[in-house]
1. When only residues in the stretch 252-299 that are touching a residue at least 24 places away in the same chain (Cβ under 8 Å) and among the acidic types (Asp, Glu) count, which is surrounded by the most Cβ atoms within 10 Å (Cβ to Cβ)?
2. Would you please list the contacts, defined by Cβ atoms under 9 Å and residues six or more apart or on different chains, that run from a residue in the stretch 567-590 that is on the phi > 0 side of the Ramachandran plot to a residue that is not charged (D, E, K, R)?
3. Look through 151, 156 and report the one residue that is in a loop (DSSP other than H, G, I, E, B), of a type outside the set (Ser, Thr, Tyr), under 15 Å from residue 60 (Cα atoms) and at pLDDT 55 or above.
4. Show the residue pairs meeting these rules: Cβ distance below 6 Å; 6+ apart or different chains; first residue within the stretch 645-671 and among the aromatic types (Phe, Trp, Tyr); second residue assigned to a loop (DSSP other than H, G, I, E, B).
5. Specify which of the listed residues (582, 594, 599) is at pLDDT 95 or above, in a loop (DSSP other than H, G, I, E, B) and hydrophobic (A, V, I, L, M, F, W, C).
6. Restrict the check to the stretch 337-351 and report whether at least one residue is without any contact (Cβ under 8 Å) to a residue 40 or more places away in the chain, basic (Lys, Arg) and within 23 Å of residue 291 (Cα to Cα).
7. Name the pairs whose Cβ atoms lie under 6 Å apart, with the first residue in the stretch 76-97 and basic (Lys, Arg), the second buried (at least 20 other Cβ atoms within 10 Å of the Cβ) and outside any loop (DSSP other than H, G, I, E, B), and 6 or more positions between them or separate chains?
Amino acid sequence: MSRRLFTAGRLAKLLHTGVIGGIVLAALAYPTTVIAGRALQAGADAIEGMPSQLAIVPPPQTSYLYASDGRTLITSFYEEYRRYTSLADTSPWIQEAIVAAEDARFYQHHGVDLHGTIRAFVANNQAGQVSQGASTLTMQYVRNAERDAAATPQAAVNATERSAGRKLREMKLAVELEKRMTKAQILEGYLNVAYFGHRAYGIFAAAQIYFSTSPARLTLSQAAMLAGLVQAPTAYDPGGRNQTAARQRRDYVIDRMAQLGYVTAEQAAAAKGAPLALHLYNPPNDCTSVNRKHIDWGFFCDEFKAWWMTQAQFGANPLQRLDKLRTGGYAIVSTLDPKIQASALRHVNEQTGGVGNRFAVGSVFMEPGTGRIKAMAVNRIYSLNQSHNPLSSDPQKRRHNVRATYPRTVNMLLGGGPDAGYQAGSTFKYFVLLAALEKGYPLSTTIYAPERLMTRFSASGPGSCGGRWCPQNASGSDTGPQTIWSGWGKSVNTFWVQLEERVGPASAVHMAERLGLTWHNGVDRRLATRFPNDWGSFTLGTAQTTPLEMAAAYATVAADGWFCRPLAAQSIVGPDGQSVPVKPDCTRAVSQAVARGAVDAMRCTTGYGAARGSCGGWSTAPRAYATVGRPFAGKTGTTDDNRSAWFIGFTPQLIGAAFVADPDNPLDVAGGGRHDWPMTVIPATIHDAMRGKPVLGFTPPPSSVVNGGSH
């Protein structure tokens, strides 16, 4: 008897008696010449100490982010592009093709194929190297499942290493697995973990990436090509230079299907005559690869990610939550309204001329009472690649060849330079307004507003007089007695500084914090936490903020006093079909009476007019109400030296906040001739968004807020 027949016979005996010896596994991976006689006994002994239960965890799955219509895809998030698909939702062709290509005796064996093992053993023995494997579909499923269940990178490596020990473990787990799972369940699991190349993990991804179709619609030719990839995705890649190899591999699979009786000779011939007919699809991943037609959606996507990473139900810390987004297989319907987004961007670009303008107009639109973010538009392209941007507009940066943040950037709606935010000017008078109304100062409160005011706050430099901070009005015509209505509508600086002195700057600072503002630089944090009562310039908007923060803060009065944190998702469904609760995070921040009083004053800015008082004859945005064509309130804001300009406006259903600034050069004059850009964008967009919606009005404030007691 030859050595080859003796060895094969001994192997068969071992397998028939239930012992999967170490020598068998070693022979599959190494030439038999390196096997010592003791390996057989050592392998048999090792089996007894191995686990017999496979820990099957759900494989990583892709999460999808949709617009508010639930159909328009914004982007997807994944580490491995994959979506679990039941066997019932796959074409019978792919089920039969994968069996023909990888394990023709799948339905006959019980996890380990005796015939295939002997064949591979003999072939490897003759070749003196690994020429054939003996992994069944069940064993391959075990290998992939262990990889997906790995808690560390090293565990993942161990799950797929080429070693006799790993093969032993794989065989034992495969045998045990077939005792508790049906063939259909194993095949379904395998089809969802197999790697098909081109970042396609599982049959759903493979069908979509190679043919832009679903697993259920795969043809015989398509299924055979995909099944042929599993053995060597790179070698048979039809999307590269290997189309001949891919076709040959596909035809081999079709021939095997014919031999196994899955297809007729005629069907096989027709399928082999069909072209590969690829329709490659590159699935987007993360915010920088949203649809090129809607690259502006990247700014909202970025905010969505920031929101997601604050949600405790997805992990103990931001990194765990981000990992959950990339592996959890969620279907997320966001709050982004494509129509409002398109309108906002159109109006932004009409004012700025598009992405090539160094001045950025950034806008945010939100739903009062829920915090749902409806749009985030800016005249920029969301992109990490800024290598082709022009040089910065800041002379010092230009000298060092620093690139500008336009047209491509990722942070325009947060801020430019070292700080995340922009000074918001007179829009901060809002926090003094609410603090005053809460303390009982009525809308009829009258204060004489001089052209220039010496305050109690210490100061030095251009804005000081006699060692004190001395703010002044924008126009000499503001001089005279003003009420809260007229002082707001005309934005009279010296009126609001005096009112701030009466209520205390700390009250205004704390009101801003109650309404969601955070402090974006060290100077603002120090003043807010250590010296809030000395922050006299707070009412004139010297702190840095973002349009998202300001929209949420102003939305409080539009919602009758309810502050809602910005919300980027309206529904989330997990891979198991179960909904993840998504609720607005709202708290009562100010009383209904205070909110309604504030709105009555804010009607003065837009030309709509107050319900309970006089606006003083003119305002800073008199055309805004006429543009919107329905009840509309708001506030303008311009910083010192016109470095930025703002407008915030709202109806009961929608609020918008916008700024204009040069993010690269904080000293650049953005206001002046451009100050009306934000106050054009917001009313025009809200007019478009409200078309066809019911006209809702503002409820006038009670008499106690209008006249109140004396102070």
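1. Among them, the one singled out is 296.
2. none
3. Answer to the check: 151.
4. Between residues of the stretch 645-671 that are among the aromatic types (Phe, Trp, Tyr) and residues that are assigned to a loop (DSSP other than H, G, I, E, B), the close pairs are 646/424.
5. That would be 582, the only listed residue that is at pLDDT 95 or above, in a loop (DSSP other than H, G, I, E, B) and hydrophobic (A, V, I, L, M, F, W, C).
6. Yes, because at least one residue in the stretch 337-351 is without any contact (Cβ under 8 Å) to a residue 40 or more places away in the chain, basic (Lys, Arg) and within 23 Å of residue 291 (Cα to Cα).
7. Partner pairs satisfying both residue conditions: 82/61; 82/201; 82/205; 83/61; 83/204.
Okay, residues lined up against (1) surrounded by fewer than 24 Cβ atoms within 10 Å (Cβ to Cβ); (2) touching a Leu at 6+ places or on another chain (Cβ under 8 Å); (3) in a strand (DSSP E or B):
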{"site": "526", "(1), (2), (3)": "yes, no, no"}
{"site": "529", "(1), (2), (3)": "yes, no, no"}
{"site": "548", "(1), (2), (3)": "yes, yes, no"}
{"site": "557", "(1), (2), (3)": "no, yes, no"}
{"site": "572", "(1), (2), (3)": "yes, no, yes"}
{"site": "576", "(1), (2), (3)": "yes, no, no"}
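The values are calculated or read from the model by the stated rules, or taken from the named source; none is laboratory data. In this text, all values refer to a predicted model and were calculated from it rather than measured experimentally. So basically every Cβ, Gly included, is an ideal-geometry build from the backbone, and we count neighbours across all protein chains shown.
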